[in-house]
1. Report, by residue number, each residue of region 482-513 that is among the hydroxyl-bearing types (Ser, Thr, Tyr) and farther than 30 Å from Val863 by Cα.
2. Of (1) crowded, with 19+ Cβ neighbours inside 10 Å; (2) within 16 Å of ligand 2 (Cβ to nearest atom), Asp783 satisfies all except one. Which?
3. Does region 500-515 contain any residue that is within 24 Å of the chain's Cα centre (by Cα), crowded, with 18+ Cβ neighbours inside 10 Å, of a type outside the set (Ser, Thr, Tyr) and modelled with pLDDT of 90 or more?
4. Test each condition in (1) touching a Pro at 6+ places or on another chain (Cβ under 8 Å); (2) surrounded by fewer than 18 Cβ atoms within 10 Å (Cβ to Cβ) for Arg339 and report the one that comes out false.
5. Which count do you get for residues in region 686-728 that are free of Cβ contacts under 8 Å to residues at least 12 places away in the same chain, closer than 23 Å to Leu830 by Cα and of a type outside the set (S, T, N, Q)?
6. If you scan region 786-807, which residues turn out to be more than 16 Å from ligand 2 (Cβ to nearest atom) and within 21 Å of Gly554 (Cβ to Cβ)?
7. Pull out all pairs, ordered by first then second residue, where Cβ-Cβ is under 8 Å, the residues are six or more apart or on different chains, the first lies in region 241-253 and is without any contact (Cβ under 8 Å) to a residue 12 or more places away in the chain, and the second is buried (at least 24 other Cβ atoms within 10 Å of the Cβ) and assigned to a loop (DSSP other than H, G, I, E, B).
8. Residues in region 599-607: is at least one within 16 Å of ligand 1 (Cβ to nearest atom), surrounded by 16 or more Cβ atoms within 10 Å (Cβ to Cβ) and either touching a residue at least 60 places away in the same chain (Cβ under 8 Å) or closer than 30 Å to Asp783 by Cα (or both)?
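The values are calculated or read from the model by the stated rules, or taken from the named source; none is laboratory data. Because the structure is a prediction, the values reported are computed rather than measured. Don't worry about glycine lacking a Cβ; one is built from the backbone with ideal geometry, like all the others, and counts go over all protein chains shown.
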Amino acid sequence: EKFVYLFHEGNGNMKETLGGKGANLAEMTRIGLPVPFGFTISTQACNAFYNSGKIIPKEVEKQILEALNLLEEKMGKKLGDPNNPLLVSVRSGSVFSMPGMMDTILNLGMNDETVIGLAKLTNNPRFAYDSYRRFIQMFSNVVLEIDSYFFEQFLEEKRELKGYTSDPEMTAEDWQEVIKGYKEIVKQHKKIDFPQDPKEQLFLAIHAVFKSWNNQRAIVYRRLNKIPDHLGTAVNVQSMVFGNMGDDSGTGVAFTRNPSTGERILYGEYLMNAQGEDVVAGIRTPQPIATLKEEMPSVYQQFEDTCQLLEQHYKDMQDIEFTVERGKLFILQTRNGKRTAQAAIRIAVEMVKEGIIDKKTALMRVDSDQLNQLLHRRIDDTVDKKVLAKGLPASPGAATGMVVFSADEAEQLGNDGKKVILVSPETTPDDIHGMVAAQAILTSRGGMTSHAAVVARGMGKACICGCEAIKIDMKNKQFTVGDTIVKYGDVITVDGSTGEIMLGEIPMIDPELSEEFQLLLSWADEVRKIGVRANADTPEDAKKAFEFGASGIGLCRTEHMFMDLKRIPIVQKMILAESYSERMEALEQLLPMQQGDFEGIFEAMQGHPVTIRLLDPPLHEFLPNKEELLVEVTKLQMTDSQSDELKMKEQLLKKVRQLDEFNPMLGHRGCRLGMIYPEIYEMQVKAIFYAAAKIAEKGMKVKPEIMIPLVGHVNELKQMRQLVVDTAMTIQEETGKVTEYTIGTMIEVPRAALTADQIAEEADFFSFGTNDLTQTTFGYSRDDAEGKFLQAYIDNKVLPENPFAVLDQDGVGKLVETGVKLGRSTKASLKTGICGEHGGEKNSIDFFYRIGLDYVSCSPYRVPLARLAAAQATI
Ligand code: PEP
Ligand code: MG
């Protein structure tokens, strides 16, 4: 079996074997880009390593040594040769990019002898010793697992002793002293001399990269990003080029387009006389790439041409690491660049216009999950705001929250439901848990490609980087900007789109869709074959839904119309009524309110279908809280045992107790309510037809679809259908306006799905309520499961995902599919849709498309996502 590939032996399609980075290096070498030569040890070798008990197998070792020989030949240098030493980098590279998660070692091959050789060859002893000490520090940290803190501490002391403020002031002799000190640190911690044999260094490094596949932060990252554990990582061994060989050398990172806005302009940053880690670590603040044009015009030109070549070849925006060694450009790596949703859309649309990709490719380029970034709120620019400080706009969106200074604090407060903003000099992969919990991230150091920026963009979180104006005092948990002190817990607002930081909470506004976004969505509408509707309960929601491109309302939950403070007491009166006349009194009060809402929704939807679900209240959601009531009654009994208030409260408590259910979700809800109290549904149907008549009078079209919830037996639907038909008839006669309408049912319990052929006799349409269907199929309470055991189930891989968020295709999905088939066997024209949460989730949408539903319905803000996901399902 082949475990080791020289760069020219591979190609870009070999990701599984070479990892993303290795495949890219091979591909770049193949198309003739200036890539420093090297070889890749395959992911299969990593798995062989784990299979043989974390030992590099003999066969792998043999192939590495062979590849090394060839590399030495090609470079005309030898590992460990004091006269002409080959130095290499050793990097991990998994199939999916895992930024900052895995370890890298540079300058491998340095030892007490090669350092002298390098000093001679480059005529730059200072650089040689600096490289050596960097190598010792990195190797000791990554391979020997000695905390970098000890080295940094030592270096800082040395610097202070010499009276320097920064590293460039260090001389070759100073670095030699540092090297001596570093070696002592190694001896102290590991009781060994720092390894001098470069081959031993190489194998130890490869060993460490393989091992890092299973370090804690890599495991967390994989879990967060749903990357399988069995893939393993490849290892790339590549000859080093140096960006710190003087003022005609440098290093940087760049995107071929702006990863934040998508604008077609080279975007990135670099540092002269530095190594790559200096840029990424954000220790020195780099220069924007545009400056390179002035500093080294010919290199810039070469760079621009290379970028063009890369985009034409990969047909996507690239994220490039480059180094200039003595005026010569080298490309270290390139990959499809991570980008904000806004940028993803603009790049996709513009690449179609530029003729690089076609529309379908463009549609596949935008991750529908990412779209919610765009649907985030932003700061209202009409209000006066005082900007406290400004940093780099690293990831768009705006957020308000309490300032915290550590990832742990962010996590703690975040879990308590507090909104926090994580403020830190910079972030590392160890801070991920805090970044997940925070609303936004603010750092004082580092550029647009620093860890914080990259990770925040991936998460769709607002982030400001490199805000040097803020002076962070971690010890006292505060930061200052001039005279202003911002303490732990103070509220600030950050705008990741502008980089601005403001004190306090600033008003924000809802987003609109950009022109490019609209265009992309119109392409989506051209190819998708499944309709997208919205769940909306109010005229405002309906308007939003229409704006976002919903082709109708798939679910109007009428009980939500009653959640309003003014209405709840009337609803309670209706529920608690002891006689028909008492109930009718409440219903008559509710009727005009309900009618008004329907008029608003019909108007907003301009003739598109509106599915109105009759009342489906798990009663406990509307009743006064039993415990609270009991406390009140007890208090009154002690203070004022004769009062009317007490009598009233006692009455109320008695009724609440009568209505109290052990399992309200399985209780007197859904159509069971209409079955027992038909006057309630009657009132709702009246309101619908009065509203329809009103709108028709204005000359507008109305298409109500009346939906009966939680049906489990065809007889329920039969009876409720009759009620709707009779009531509709009465009102239509009364108003003289005929409204076209249909009657359907929700399929939310397994029995309904299993007897869908019978139910279809009475239904014009089915709408699958996958929230309840998931609840009743699994037998998991949708209100309790998540907090109690579901998370553990997901962590322990008992379940692949939360079934309330991502449809369980094997179980719940099978019921939906069965329901559709049975329903259509009775009535070919039966219209089918889905209106549970899953209607706005891309994998579920893909499934619903495949089983032939007519439409999905989701919350208004997810409509654009659903339109795109529906298109992607068909491609
Ligand atoms: C459902 O059960 O999926 C549904 C849409 O109804 P609700 O969430 O209101 O119970
Ligand atoms: Mg339901």
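1. Looking only at region 482-513, we keep the residues that are among the hydroxyl-bearing types (Ser, Thr, Tyr), and these are 484, 488, 493, 497-498.
If the condition is that a residue be among the hydroxyl-bearing types (Ser, Thr, Tyr) and farther than 30 Å from Val863 by Cα, then Thr484, Tyr488 are the ones that fit.
2. The failed condition is (1).
3. First, pick out the residues of region 500-515 that are within 24 Å of the chain's Cα centre (by Cα): 500-501, 508-515.
Add one more test, that the residue is crowded, with 18+ Cβ neighbours inside 10 Å, and what stays is 500-501, 508, 513.
Filter once more, keeping what is of a type outside the set (Ser, Thr, Tyr): 500-501, 508, 513.
Those left that are additionally modelled with pLDDT of 90 or more: 500-501.
Checked region 500-515: at least one residue is within 24 Å of the chain's Cα centre (by Cα), crowded, with 18+ Cβ neighbours inside 10 Å, of a type outside the set (Ser, Thr, Tyr) and modelled with pLDDT of 90 or more.
4. Status for Arg339: all satisfied but (2).
5. Total meeting the criteria: 1.
6. So the first thing to find is which residues in region 786-807 are more than 16 Å from ligand 2 (Cβ to nearest atom), and the list is 786-802, 806.
The one that is more than 16 Å from ligand 2 (Cβ to nearest atom) and within 21 Å of Gly554 (Cβ to Cβ): Val806.
7. Note: no pairs meet the criteria.
8. The answer is no, given that none of the residues of region 599-607 is within 16 Å of ligand 1 (Cβ to nearest atom), surrounded by 16 or more Cβ atoms within 10 Å (Cβ to Cβ) and either touching a residue at least 60 places away in the same chain (Cβ under 8 Å) or closer than 30 Å to Asp783 by Cα (or both).
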